[in-house]
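Take a look at the structure set out below.
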Amino acid sequence: MHKKINNADKFKALIGTDLPIIQAPMAGVQDHRLTVAVSQAGGLGSLPCGMLDIDTIVNEIKAIKAKTSYPFNLNFFCHNMPNYDVEKHNKWQRVLTPFFNELDIDSNTLTTSASRTPFNHSIADAIEPFAPAVISFHFGLPSPELISRIKNWGSKILSTATTVQEAIWLESNGADAIIVQGVEAGGHRGMFLSEDLSTQTGLMALLPQVIAQVNVPVIAAGGISDQCGVEAALILGASAVQVGTAYLLCPEASTSQLHRDAIKANRTQSNTAITNLFTGRPARGIVNRVMQELGYINNHVPDFPHASIEMSQLRTKSEKLASSDFSPLWCGQNTMGCAEISAKDLTLHLVNQRSASLHD
């Protein structure tokens, strides 16, 4: 019990929040409203910036700061950006031809630009005046020069590890705390030292192994959606937990109705899988038609992030027909904690506190 309390205090001292709760950044299903709600409740609200242009990032930061003075987290991808591979995309489009024909999409009109940009100096220039309290990364860390810039602002750096080796690497390269992502987690796997999915393990097995090998605070993520899950992670030695899926039904989230309906239906099916179909990187989502027909992992899929080009067109057309056949329905394995309540109340429920006990 003393270790649990000491670890939570360690996280509070590092980040400055009242509660050991981080809201997972979830691109495509949230904006600043969810970030603000969680920060106001005493947790660490997060803003996913990987799919936003610089002007939008700045506007979202301004919107957050206009509504709360509490710490928040800006999340970025730090992947290597490949060139658009014409041959790969031609092959992938041939695989998708039956779907294009079904939805009357002309593959010759598809763009060749990606919607996910890695963290860079231009982004750093834009956010530096705000000196955000926390910046987190997915897929490793950016260059040492960028890490140095961030630390000079006084910002704390978090990043995701999916193996013990990744956790050790992150600590050695400047991370102030490490998010340990179990295989149960929804959305993109944060893996970056290997592409081998057999290296991915469950949170309760991975968490104590990482804690034994690093000295920085460790944050547990994956399959945590209620108070019992939070308690279990803290007892195992985590300094805090990161929760994503549980927030998807909150009114402050911008989760589409199709996505919300799929989550509600999934409560009795627990049917999620890790797939590369939507972006080119492994990510966990609710199984839908395209995953069933093409297989969860398909070797024809182009590299991240360009793989999203074709699937985004299918998704857009399909969703107009009220279908989620081609939608990335990101979701973790545990949906028990998903509730249509305010993000503030959900955050407080995670630590068994009443709404009036913190920031109103």
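Among the candidates Asn101, Asn80, Asn73, Asn90, which residue alone is surrounded by fewer than 19 Cβ atoms within 10 Å (Cβ to Cβ) and either hydrophobic (A, V, I, L, M, F, W, C) or under 18 Å from Pro118 (Cβ atoms) (or both)? Just one listed residue meets the conditions, Asn80.
Quick check on my filter: what residues within the range 159-194 are of a type in the set (Asp, Glu) and within 18 Å of the chain's Cα centre (by Cα)?
Glu166, Glu184
Pick out, from the range 249-339, the helices (runs of 4 or more DSSP H) lying fully within it that include 2 or more residues that are within 17 Å of Ala185 (Cβ to Cβ).
257-266
Within the range 321-330, the presence of at least one residue that is under 30 Å from Asp18 (Cβ atoms) and touching a Gly at 6+ places or on another chain (Cβ under 8 Å) is confirmed.
Yes/no per residue for (1) closer than 19 Å to Pro25 by Cβ; (2) buried (at least 20 other Cβ atoms within 10 Å of the Cβ); (3) acidic (Asp, Glu):
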position: Thr255; (1), (2), (3): yes, yes, no
position: Gln292; (1), (2), (3): no, no, no
position: His300; (1), (2), (3): no, no, no
position: Ser308; (1), (2), (3): yes, yes, no
position: Phe326; (1), (2), (3): no, yes, no
position: Cys331; (1), (2), (3): yes, yes, no
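Residue check: Tyr70 meets all listed conditions (1) free of Cβ contacts under 8 Å to residues at least 60 places away in the same chain; (2) in a loop (DSSP other than H, G, I, E, B) but one, namely (1). Give the residue that is nearest to the chain's Cα centre (by Cα), with candidates limited to residues of the range 201-253 that are polar (S, T, N, Q) and open to solvent by 40 Å² or more (accessible area, probe 1.4 Å). Residue satisfying both the conditions and the ranking: Thr201.
How many of the residues in the range 36-59 are open to solvent by less than 10 Å² (accessible area, probe 1.4 Å), in a helix (DSSP H, G or I) and under 24 Å from Phe278 (Cβ atoms)? So the count comes out to 1.
The values are calculated or read from the model by the stated rules, or taken from the named source; none is laboratory data. Everything numeric here is computed off the predicted structure, so don't read it as measured data. Note that each Cβ is placed from the backbone with ideal geometry, even for glycine, and that neighbours are counted across all protein chains shown. The area values use the complete protein model at the heavy-atom level, side chains included, leaving out ligands, DNA and RNA. Shrake-Rupley method; radii C 1.70, N 1.55, O 1.52, S 1.80 Å.
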